[in-house]
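For reference, the structure discussed in these notes is given below.
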2 protein chains.
Amino acid sequence: MTSKLDEIINRVVDEVQKKVSFEIEASGRHVHLDRATIDLLFGVGYQLTPKKWLSQPGQYASEERVDVKGPKGELKNVAILGPERNQSQVEISLTDARLIGIKAPIRESGHLESTPGVTLINGSQSVDLDTGVIVAQRHIHMTYEDAELFGVKNGDVVQVRASGARPLIFDGVVVRISDKFATYMHIDFDEANACGLSKGLRGTIVKCSDAYADD
Amino acid sequence: MTSKLDEIINRVVDEVQKKVSFEIEASGRHVHLDRATIDLLFGVGYQLTPKKWLSQPGQYASEERVDVKGPKGELKNVAILGPERNQSQVEISLTDARLIGIKAPIRESGHLESTPGVTLINGSQSVDLDTGVIVAQRHIHMTYEDAELFGVKNGDVVQVRASGARPLIFDGVVVRISDKFATYMHIDFDEANACGLSKGLRGTIVKCSDAYADD
């Protein structure tokens, strides 16, 4: 009986846990390409080939990859995420940025004004982007349903506790809500290493007045 | 008169700030060597040459450097910090650990039981360490005077707010108190990138009941 009861309790705890938390995923370096850039790198009208579907519905890592070259170095075989976008965007970590010699700002996806450029290379083809290199600001993709559950609005900036091997509370986490999203928090590999992320780690939104004192 | 007043106010604010916060420094990858390892790498009785004095009194980066080799790769020209210690210790980031193929645990300095080994190389000389590779647990070196000011004891684990370009609150920060220390918080480069560290950034100890709820 006890083990049966334990099992029930564990399942209830798991289910409740899922209602108050969300999975944290680490995004590796990647690029999003616009039509013009795909045409130049892979040929006019070329279509990216989905290889692996990602947590966000309709988003995929493609079979195709690209080298990202800055003034001091190169990142080889960087993932291209599809589908194509209106504007090419290169998302790297600060570790990557230092390696290739680019001063990339912390930005939300799509906020590319005054960002530095970089060279994308596929074999003998290359494209110089004038702009588009960012370090992604930590964020949560959220469904409308979960937003109601967590009591947050689109654009809210929250704190998220990550109790991994190196516990910390991420501040300045942007909440982005869309019916096209699944609820996941995204951080980069520097942040994943800083919190000791392991697969399945879940984050909780912390509302703590002291922690908001500077705002 | 106003600018004179502004100047006075700014100086008072600066001074008060220094009393409630401490500088956060990023530690790059480095090694500490014991006598036997120095003998093997550099010759019997060899003395490390101080090149740059560090924030902790008596600690220095030496002229000498060493390559750190794991099963999957090598870190070239890694700093050797002096003076020599009773036990060799290699401190790398999780980014470094993945690069060279070593599963390094998060540990306090000196806690080397069951840690993995690595090969240290100086030119034609090399030493296989059986043990000693860690990712340093984030910590604050503190003077007794500051410990009293901050209300902490040796071994306390606190939360520290870092309001840099990527604000966050580091949890699980160990306080180490000694009359040989100067008060500085040390994090590694993954953590520095995760918080957007820039030179001179200061941390404050956060006491927040919500944040301690898991303890």
Worksheet entry | Criterion (modelled with pLDDT of 95 or more, open to solvent by less than 10 Å² (accessible area, probe 1.4 Å) and more than 20 Å from the chain's Cα centre (by Cα)) met by exactly one of B:ILE121, B:ILE140, B:ILE80, B:ILE100 | B:ILE100
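Among the listed residues A:VAL16, A:VAL44, identify the single one that is hydrophobic (A, V, I, L, M, F, W, C) and under 24 Å from A:THR131 (Cβ atoms). Let's see the steps before the verdict.
Numbers: A:VAL16 fails: under 24 Å from A:THR131 (Cβ atoms).
Just one listed residue meets the conditions, A:VAL44.
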Item to complete: Name every residue in segment A:28-60 that is open to solvent by less than 40 Å² (accessible area, probe 1.4 Å) and closer than 25 Å to A:ALA182 by Cα, in order of residue number.
Response: A:GLY28, A:HIS30, A:VAL31, A:HIS32, A:LEU33, A:ASP34, A:LEU48, A:SER55, A:GLN56, A:TYR60
Response to the item:
Every listed condition ((1) surrounded by 21 or more Cβ atoms within 10 Å (Cβ to Cβ); (2) under 27 Å from B:GLY45 (Cα atoms); (3) of a type in the set (S, T, N, Q)) holds for B:SER93 save (2)
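I'd like the full set of residues that are touching a Leu at 6+ places or on another chain (Cβ under 9 Å) and either among the small types (Gly, Ala, Ser) or not assigned by TED's automatic domain parsing to the domain that holds B:GLY123 (or both), limited to segment B:94-106.
Listed by number, the list holds a single entry, B:ALA104.
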Worksheet item: Is one or more of the residues making up segment A:88-111 under 25 Å from A:LYS52 (Cα atoms), of a type in the set (Val, Ile, Thr) and out of contact with any helix residue (DSSP H, G or I) (no Cβ under 9 Å at 6 or more places or on another chain)?
Response: yes
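The values are calculated or read from the model by the stated rules, or taken from the named source; none is laboratory data. Keep in mind the model is a prediction, meaning the values are calculated, not measured. Here Cβ is always computed from backbone atoms with ideal geometry, including for glycine, and neighbour counts include all displayed protein chains. All accessible areas refer to the heavy atoms of the entire protein, side chains included, with ligands and DNA or RNA removed. Shrake-Rupley method; radii C 1.70, N 1.55, O 1.52, S 1.80 Å.
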